[in-house]
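Structure, as structure tokens:
Where a number appears in this text, it was derived from the coordinates with a stated rule and is not lab data. Everything numeric in this text was worked out from a predicted model, so none of it was measured. For neighbour counting, all protein chains shown are included, and Cβ atoms are generated from backbone atoms with ideal geometry for every residue, glycine included.
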Amino acid sequence: MSSPPFISILIPMYNGIEFLEECLASIIQQTYPHWIAYVGINGHGSDGGEVALRAKEIAERDPRIHVLIQGPIIKGKVASLNQLMETISTDWVA
């Protein structure tokens, strides 16, 4: 019997940290458990700043959530998503 397909959920993050907890809580509450969420932090310095710290605090609660620092330069949503796409290994992307 084959394993169920995994879904990668890509979340580019520039501003809007005040909505990240709600966003990730919504994902966690879904009935389909086979997912991996990637939060891409861009435009907040080489270490991701306070945005990365908050995202990592949330990610510590669930091993399916990964935080990736995308560098100090604002890349835009499309460039951020394209870079996140390079990190995934699942068949499905949301």
* What are the residues whose amide H is under 5 Å from the amide H of ILE7, where those residues sit 5 or more places off or on another chain and H is modelled from the backbone? -> TRP35, ILE36
* **Approximate spin-label separation LEU53-THR87, in nm, with each point projected 7 Å along Cα-to-Cβ** => 2.0 nm
* Based on the Cβ-Cβ distance from ASN15 to ASP62, what FRET efficiency comes out when R0 is 30 Å, to the nearest 0.05? -> 0.85
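Only Cα pairs under 8 Å and at least 6 apart count here; give the relative contact order of the chain as a rounded whole percent.
On the way: 144 pairs, mean separation 37.0, N = 94.
It rounds to 39 percent for the chain.
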* **Gained length - ALA79 relative to THR31, 0.36 nm times residue gap less alpha-carbon distance** => 14.2 nm
* How big is the gap, in Å, between the Cα center of region 1-45 and the Cα center of region 74-88? -> 14 Å
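Restricting to DSSP loop positions (anything but H, G, I, E, B) with no more than 10 other Cβ atoms inside 10 Å of their own Cβ, which GluC sites (Glu not before Pro) remain in the chain? Intermediate results must be reported in sequence, preceding the final value.
Numbers: sites: GLU18, GLU21, GLU22, GLU50, GLU57, GLU60, GLU86; in loops: GLU60, GLU86.
Passing both the DSSP loop test and the Cβ count: GLU60, GLU86.
Indicate the gyration tensor shape class of region 43-94 (rounded, prolate or oblate), computed on the Cα atoms with a ≥ b ≥ c the square roots of the eigenvalues: a/c under 1.5 is rounded; otherwise a/b larger than b/c is prolate and the rest oblate.
Numbers: a/c = 2.64, a/b = 1.07, b/c = 2.45.
Oblate, because a/c is 1.5 or more while a/b does not exceed b/c.
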* Structure fact -> So, over other residues within a Cβ distance under 11 Å of PRO12, counting Lys, Arg +1 and Asp, Glu -1, the net charge is +2
